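The structure appears below as structure tokens.
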Amino acid sequence: MGGKMRFLLLFSRQGKLRLQKWFTPLTDREKKKVIRDMMMMVLARPPRTCNFLQWRDLKIVYKRYASLYFCTGLEDQDNELLTLEVLHRYVELLDKYFGNVCELDIIFNFEKAYFILDEFLMGGEILETSRMAVAGSLEEADTLQEVKDQTVYYSVPQY
Amino acid sequence: MSPSVPLQEMIRAIRSARTQCEERGVIQRECAAIRAQFRQADNEGRSHNLAKLLYVHMLGYPAHFGQMECVRMIASPRYSEKRVGYLGAMMLLDEKQDASLLITNSIKNDLSHSSQFVQSLALCTLACMGSAEMCRDLAPEIDKLLRSSNSYIKKKAALCAVHIVRKVNELGELFAPAARSLLSEKNHGVLHGAVVLITELCERSPETLERFRKSVPELVHIMKGLVLSGYSPEHDVAGISDPFLQVRILRLLRILGHNNEVASDAMNDLLAQVATNTDSTKTAGNAVLYETVLTVLDIKSESGLRVLAVNILGRFLLNNDRNIRYIAMTSLQKIVGTDHIAVQRHRGTIVDCLKDPDASVKRRALELSLALVSASNIRSMMKELLNFLSTCPLELRAQAASGIFAAAERYSPSQRWHIDTILHVLTTAGGDVRDETVPNLIQLITTASELHCYTVHKLYRALLQDISQQPLVQVACWCIGEYGDLLLKGDCQEIEPVQVNENDVLDALETVLQSHMSSPTTRGFALTATMKLSTRITENVDRIRSIVSIYGSCIDLELQQRAVEYNALFKKYDHMRAAVLERMPIMEKNSTGQTNGETTGELVKEVQPVKVIQGQPPTQPPASQVCDLLDLLGDSNDSGKPSSSSAQSSNNTSSPGGDLLDLLGGLDLMPPTPVPTIPVYEKNGVNLTLSCQKQSETSLIVTLTASNSTDADITTFTLQAAVPKSVQLLMKAPSGDHLPACGTVKVTQVVVLNNPNKVNLKMRIRVSFTSQGVAFQDTVQVDSLPECR
């Protein structure tokens, strides 16, 4: 069955990992191998080459934004061109949230980068296609978090 | 206890560490503090601590001690703590950890929480790391949420359902009705989720697929709405309205229309519309066009639409954007079998892409070019491919070389062209060709009898130029040895005549023998070639004699053995030398039967046994000739052949011809390492030894070898074997039943054992024979077979 992303990695030119999202269960060892291989392959690419690579049975789509590489592995059925748009959309969302996002923002606020990602993608698929909708939900969730007093919302008891 | 530093200060501290060691120190201190904080019951900074741990985890340090804290945080009533707790769960827990089960209950509670953001956390986490068990447990809850009135929840529930279905196939049935009704949603997020869910359900269940075919008109309608709608700021990407949704709908249509006339008809117009109206200047538009093309090519579309699709791919091939060219070639590769003529029209552009500096593009172009080679374009295509071979990146050379060989084999306009092509590849990329190339080329050369003279001249000249490419050198040596007389005669129509004298030829061979660049196999070829020349030249036979005797003390076991045997040929068996070294007959080849459209051209993987048609006199020298062939064919690793196997092969020349082939086939399977033999029976003049070789985890080949130590012949020699019940036994035909006196010839019996239960292998062997008119029968038990590798 095809059609979803297997993982999304963000890493710097120096090979520092800034974000890792896994959409399939892998052991720690397997994850480390993937990270190593991706960094090796992607960082070796000269500029102005195409953004697609083949690795094992996956298609790898990567794009460089300033000092960060966004790299994802797709299954066979996936549309590589659309994935470029997905990566771009994520960058746009980060940019909107942080205001002129740069690598440092993602380093010092990594948990926010994950929260943003989780409003945009889920289970390796696109969750929300509207920029405004994602931005809106994030704002609401952040407000909820900041509410001092931490008003307790009573959950409905389940038996 | 040192107070814990807020997250960002910790990050700063880690980043300012100047060495790895310093960093480790900072992290160790921080982790200790975090651990201490975890142990404290109630704590304001809990979410900060966990966040710090997650950061440390991302740097690659162990963080499993945080797993229980995640479980606790998820159960907290505070949203900020839940948020970080769930994030921690997604990062530190996966379905393989036991701790993940502990959060099932929290997730269940949170799925029905009054705040949609808490529900969302639970949905997200379940979709990220939910195990099959958790999915089964919570599926009904998700189904309920699919019917909620809240779009935010619905879209998340849809993707959560997708995850559940991927984990537990049968639950697809549960979600089908809800998925159907979601198609009438206006909210793009929900609609997108619905389409993804329906796609997943249809891919997994043919019945569900059948049912959802009825939704094709609805999907077409939605798609039309997107394509024709005006500018919508919320969904616009470079002039395309929600390309993400469009692509998913197109993919679903592809699945629904595949192999179904009715469904394909219903979407025909829409696809034509999208194909012609979508703006192709930006990536978003091209992504939609790409998906449209893939759909058109995969359903039962009208021929006109199909042509349109292929033309779009053709346009893509000319696009400046490398990405577009790359995916165009990927798609063309998929249809090169079915729409061969259409793709052929773009051959020129594709071949040009061979020269693209981008390695990814080159790779695609190579695969596609090889697929496009045909009888009519073979000459021009081969020129391009050979050109490519000389300049292509190293990682593509092996593929290119084998593709060229396959193409040449299928479409050669003439034998000379074929030989020339192979020689060209060997001179350009000799190091990257597969091992079978050498025997394959030799076989090809023998069949082209009119070209022997031409070939040997060409190879000789290539050899003089460069002796570093091993496959080339090996073939050259073989030819010089075989056709040396033609080389020396000098006259050849196809090539400019050059006078070659005997000493030159011997010099060339000796250079190969002595060069440090020559592999042991190559040196073996050279030595044999030198030997063969002894019957093809007239004046310098003594030189050959001295070369051969020098190598009789060579340190390489293989060469030494050959030299000794050739020496013996000179000394003791000189009367047979001419017959032994005469011209080889044409070798027959088992055809690989390559199928249409096969681009990578799988060459003969296993080396085919050679049918040696000439008679085999049952003495030592022919055995060495047989050994030669075996080396030629089977010994791709350079380990020396142990003497035991040569003894075996010589024994087998006394048996009917069919066995020889069996032996060669068998030797292909076995790695040429010395096998331990144990004596099993030594009585009445019969010496029986046993050796084993492991074929796989459960199968074993046992070889029994018998010889006669008496002065009288032994006849009617037979062996029978019995093994434990669960073991399967297959006895092959013995090499003979006659054991001549004084052990000059041995009899071998091969027994194949299959031991699926892996029981302790015992064997009982019954030996029966007649010696000097007396019948003997005896039984011996072998309690354990020797250690086999």
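Miscellaneous remarks
- Filter result for B:N311 (outside any loop (DSSP other than H, G, I, E, B), among the polar types (S, T, N, Q) and crowded, with 22+ Cβ neighbours inside 10 Å): no
- Scanning the stretch B:64-90 for residues that are under 24 Å from A:G124 (Cβ atoms) and touching a Gly at 6+ places or on another chain (Cβ under 9 Å) yields B:Q67, B:C70, B:I74, B:G88.
- Just so you know, in the stretch B:364-400 the residues that are hydroxyl-bearing (S, T, Y) and surrounded by fewer than 16 Cβ atoms within 10 Å (Cβ to Cβ) include one that is nearest to B:V433 (Cα to Cα), and it is B:S390.
- B:N277 being on the phi < 0 side of the Ramachandran plot, within 9 Å of chain A (Cβ to nearest Cβ) and not hydrophobic (A, V, I, L, M, F, W, C): no
- The stretch B:174-216 - residue that is away from every other protein chain (no Cβ under 14 Å) and basic (K, R) and, of those, nearest to B:H235 (Cα to Cα): B:R180
- Failed item, numbered, when B:L305 is tested on (1) in contact with a Pro (Cβ under 6 Å, 6 or more places away or on another chain); (2) farther than 24 Å from B:E367 by Cα: (1)
- Considering residues of the stretch B:549-592 that are surrounded by 15 or more Cβ atoms within 10 Å (Cβ to Cβ) and among the hydroxyl-bearing types (S, T, Y) only, the residue nearest to B:L441 (Cα to Cα): B:T592
- Single residue of the stretch A:15-25 satisfying the filter (closer than 11 Å to A:G73 by Cβ and not in a strand (DSSP E or B)) that is nearest to the other protein chains (Cβ to nearest Cβ): A:F23
- Positions within the stretch B:294-308 being over 30 Å from the mean Cα position of the chain (by Cα) and part of a helix (DSSP H, G or I), in sequence order: B:V296, B:S303, B:G304, B:L305, B:R306, B:V307, B:L308
- Some residue of the stretch B:468-475 being surrounded by fewer than 13 Cβ atoms within 10 Å (Cβ to Cβ) and either modelled with pLDDT under 85 or assigned to a loop (DSSP other than H, G, I, E, B) (or both): yes
- Cross-chain or 6+ apart pairs with Cβ under 7 Å, the stretch B:67-81 first and among the β-branched types (V, I, T), then in a loop (DSSP other than H, G, I, E, B): B:V71/B:I103; B:I74/B:I103
- Qualifying residue in the stretch B:491-504 (condition: polar (S, T, N, Q), under 30 Å from B:A375 (Cα atoms) and buried (at least 17 other Cβ atoms within 10 Å of the Cβ)): no
- In the stretch A:55-83, the residues that are modelled with pLDDT of 90 or more, more than 18 Å from A:F11 (Cα to Cα) and among the polar types (S, T, N, Q): A:N79
- Matching helices (runs of 4 or more DSSP H) fully within the stretch B:56-173 where at least 1 residues are at the interface with another protein chain (Cβ under 8 Å from one of its Cβ atoms) and more than 40 Å from the chain's Cα centre (by Cα): B:79-92, B:104-111, B:116-129, B:151-167
- Scanning the stretch A:124-154 for residues being β-branched (V, I, T), modelled with pLDDT of 70 or more and closer than 26 Å to B:E44 by Cα gives a total of 1.
- Every residue from the stretch B:505-516 that is exposed (fewer than 14 other Cβ atoms within 10 Å of the Cβ) and more than 18 Å from B:V541 (Cα to Cα): B:Q514, B:H516
- Of all residues in the stretch B:517-540, those being farther than 19 Å from B:V438 by Cα and either crowded, with 20+ Cβ neighbours inside 10 Å or aliphatic (A, V, I, L, M) (or both) number 5.
- Cβ-Cβ contacts under 9 Å between residues 6 or more apart (or on different chains), taken from a first residue in the stretch B:744-770 that is at positive phi to a second residue that is not in a strand (DSSP E or B) and not hydroxyl-bearing (S, T, Y), are listed as B:K758/B:E697.
- Restricting attention to the stretch B:722-755, the residues that are surrounded by 17 or more Cβ atoms within 10 Å (Cβ to Cβ) and over 15 Å from B:T770 (Cα atoms) add up to 12.
- Some residue of the stretch B:38-45 being crowded, with 20+ Cβ neighbours inside 10 Å and either away from chain A (no Cβ under 11 Å) or assigned to a helix (DSSP H, G or I) (or both): no
- Subset of the stretch A:67-124 that is basic (K, R) and within 12 Å of the chain's Cα centre (by Cα) - its residue that is nearest to A:E139 (Cα to Cα): A:K112
- Which numbered condition B:E367 fails, given (1) without any contact (Cβ under 8 Å) to a residue 40 or more places away in the chain; (2) within 12 Å of another protein chain (Cβ to nearest Cβ): (1)
- Residue ID - farthest from A:L93 (Cα to Cα), chosen from residues in the stretch B:223-235 that are within 13 Å of chain A (Cβ to nearest Cβ) and surrounded by 17 or more Cβ atoms within 10 Å (Cβ to Cβ): B:L226
- Breaking point among (1) within 22 Å of B:V373 (Cα to Cα); (2) part of a helix (DSSP H, G or I), for B:P413: (2)
- Selection count, the stretch B:260-279, where residues are small (G, A, S) and either over 40 Å from the mean Cα position of the chain (by Cα) or surrounded by fewer than 18 Cβ atoms within 10 Å (Cβ to Cβ) (or both): 1
- Out of B:G257, B:G304, B:G337, sole residue that is buried (at least 18 other Cβ atoms within 10 Å of the Cβ), more than 14 Å from chain A (Cβ to nearest Cβ) and either out of contact with any helix residue (DSSP H, G or I) (no Cβ under 7 Å at 6 or more places or on another chain) or within 30 Å of B:F212 (Cα to Cα) (or both): B:G257
- Test: B:Y326 is of a type in the set (S, T, Y), touching a Cys at 6+ places or on another chain (Cβ under 9 Å) and either more than 19 Å from A:N51 (Cβ to Cβ) or crowded, with 16+ Cβ neighbours inside 10 Å (or both): yes
- Test for B:K355: is it over 26 Å from the mean Cα position of the chain (by Cα), at pLDDT 90 or above and closer than 21 Å to A:Q54 by Cα: yes
The values are calculated or read from the model by the stated rules, or taken from the named source; none is laboratory data. Everything quoted here is computed from the prediction, not taken from an experiment. Using ideal geometry, Cβ is built from the backbone for each residue, glycine included, and neighbour counts are taken over all protein chains shown.
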